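To keep things clear, I will list the structure first and then write my remarks on it.
The values are calculated or read from the model by the stated rules, or taken from the named source; none is laboratory data. Remember, predicted model here, so these are calculated numbers, not experimental data. Here the Cβ positions follow ideal geometry from the backbone for every residue, glycine too, while neighbour counts run over all protein chains shown. Just the protein is used for accessible areas: all its heavy atoms, side chains included, with ligands, DNA and RNA removed. Shrake-Rupley method; radii C 1.70, N 1.55, O 1.52, S 1.80 Å.
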Amino acid sequence: MFDRLEDLVNRNEDLTAELSNPDVVNNQERFRKLMKEQNDLVPIVNAFIEYKSCKQNIADSLVMLDEESDDEMRELAKDELNDSKARVEELEQEIKVLLLPKDPNDDKNVFVEIRAGAGGDEAALFASELYRMYSRYAERARWKVEMVSFNENGIGGFKEVVFMINGQGAYSKLKYESGVHRVQRVPETESGGRIHTSTATVAIMPEVEDVEVEINMNDCRFDVFRSSGNGGQCVNTTDSAVRLTHMPSGIVISCQDEKSQLKNKDKAMKVLRAKLYELEEEKKNNAEAEVRRSQVGTGDRSEKIRTYNFPQGRVTEHRINLTLYKIDSIMDGYIDEIIDSLTAADQAAKLSNLDN
């Protein structure tokens, strides 16, 4: 491991030299590529430099304890030794995590698809609340949210909603959100005060480039129609909405958020690429389905990754047995604690696999 870390330090120095070269600066594509590589290296390099510094502090403290007779100086050396030893253990763990293979999609924007599952209108209302939760989370991260398509149920709920989140590292944070989300509460329409259980499925798909997924345009059929729902003076009066059907896969995508038919076509193609990419990834990972984080399932109540229990004010993340009694803040988009816990659990599992 240490030989590899020394190689990374040397590579970082080479990158710094290259990035100061005027020829590289003038080549924007190469400059961006090298900058990204260095940005990925810097946390590992800094942790390793601090690690070596702590190891040197340990050696110096041991020498001082061996040679020093003054009690006060010996106490200072002991404190320095204990602090450095503790920090070395922390840094060893940090470095192992930083050296784990990085998901190539982590830095990408994402498409989020939320569908109402079991529970009728209550499931659609829950789907709309999940949409708000992720939108609020994205806003706090200073990411941009763009609506792609939606299908309302008439009482403020979504039967289905697809939207895009543009932001550095969006996929790395949201990829664990894929799956069935279950809600338990008393619906406003329930006169008897009984608790109902409903579900919604969430799918998180990374945005992919044209080169990553090849699409034969002869396999695509575009239909145009008039947008529905709330809109501006042009949205509902022109045939700007687009329905894209990909014949080989049977995937159908509707996009009506933009006033321009061309812009809606472009968005629909982006969603199609993401869906086809996800299908291919699913095929590749079928043999490892138990570790795959983006298995959506059918929306049945039993296939759950998380439960939102309103009467008890709790949210339970079933994959890691985490329960938080702060449902109001979570529904308002404060989901960092859940995301961080899932990330830590995933990293721990990967480290365990490496050790084995």
Rounded to the nearest 10 Å², the accessible area of F158 using a 1.4 Å probe with every protein chain kept is 30 Å²
Report the equivalent ellipsoid semi-axes for region 36-147 in whole Å, largest first, defined as the square roots of five times the eigenvalues of the gyration tensor built from alpha carbon atoms.
-> 52, 18, 12
Label point 7 Å out from D70 along Cα-to-Cβ: which residues of region 34-60 have amide N under 19 Å?
-> 60
Starting from the residue with the highest accessible area, list D346, D107, D266, D71 in decreasing order, probe 1.4 Å.
-> D71, D266, D107, D346
Neighbourhood charge, 15 Å Cβ-Cβ cut-off, centred on E139 and excluding it, Lys, Arg +1 and Asp, Glu -1 = +3
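Sort I330, I215 by accessible area with a 1.4 Å probe, largest first.
Numbers: I330 0, I215 30 Å².
Largest to smallest exposure gives the sequence I215, I330.
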By a straight-distance test (C-alpha under 18 Å), which lysines pair with K265 as possible cross-link partners, with residues fewer than eight away in the same chain excluded?
-> K275
Can you tell me the FRET efficiency between R32 and Q56 if r is taken as the Cβ-Cβ distance and R0 is 35 Å, rounded to the nearest 0.05?
-> 0.45
Using a 1.4 Å probe, how large is the accessible area of V252, given in Å² and rounded to the nearest 10?
-> 80 Å²
Step through the table entries K36/K304; K33/K144; K36/K263; K283/K326; K85/K350; K52/K144, compare each Cα-Cα distance with 32 Å, and write down the pairs that go over it.
-> K36/K304; K283/K326; K52/K144
Of all DSSP beta bridges in the chain, antiparallel share, percent nearest 5 | 90 percent
What accessible surface, in Å², does a 1.4 Å probe find on H196, ignoring ligands, DNA and RNA and rounding to the nearest 10?
-> 70 Å²
List the relative contact order of the chain as a percent without decimals, with contacts defined as Cα pairs under 8 Å and 6+ residues apart.
-> 15 percent
If you stretched the chain out fully between T16 and M147, how much longer would it get, using 0.36 nm times the residue separation minus the C-alpha to C-alpha distance?
-> 43.2 nm
Candidates V202, V25, V112; GNM for the chain (alpha-carbon contacts under 10 Å) flags as most fluctuating V25
State, to one decimal in nm², a quarter of the convex hull surface area for the C-alpha atoms of region 120-201, i.e. the direction-averaged projected area.
-> 5.8 nm²
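Order these peptides, 10-16, 116-122, 165-171, by their mean beta-carbon neighbour count within 10 angstrom, highest first.
Put in order of decreasing packing, that is 116-122, 165-171, 10-16.
Pick out, in residue order, every one of the GluC sites (Glu not before Pro) in region 133-202 that is DSSP loop and has at most 12 other C-beta atoms within 10 Å; say none if there are none. Spell out each step's value before the answer.
Numbers: sites: E139, E146, E152, E160, E177, E188, E190; in loops: E188, E190.
Qualifying residues, ordered by number: E188, E190.
Taking 0.36 nm per residue of separation and subtracting the Cα-Cα distance, what length does fully extending D340 through N166 add?
Values: separation 174, 0.36 × 174 = 62.64 nm, distance 1.99 nm.
Here the segment from D340 to N166 would lengthen by 60.7 nm.
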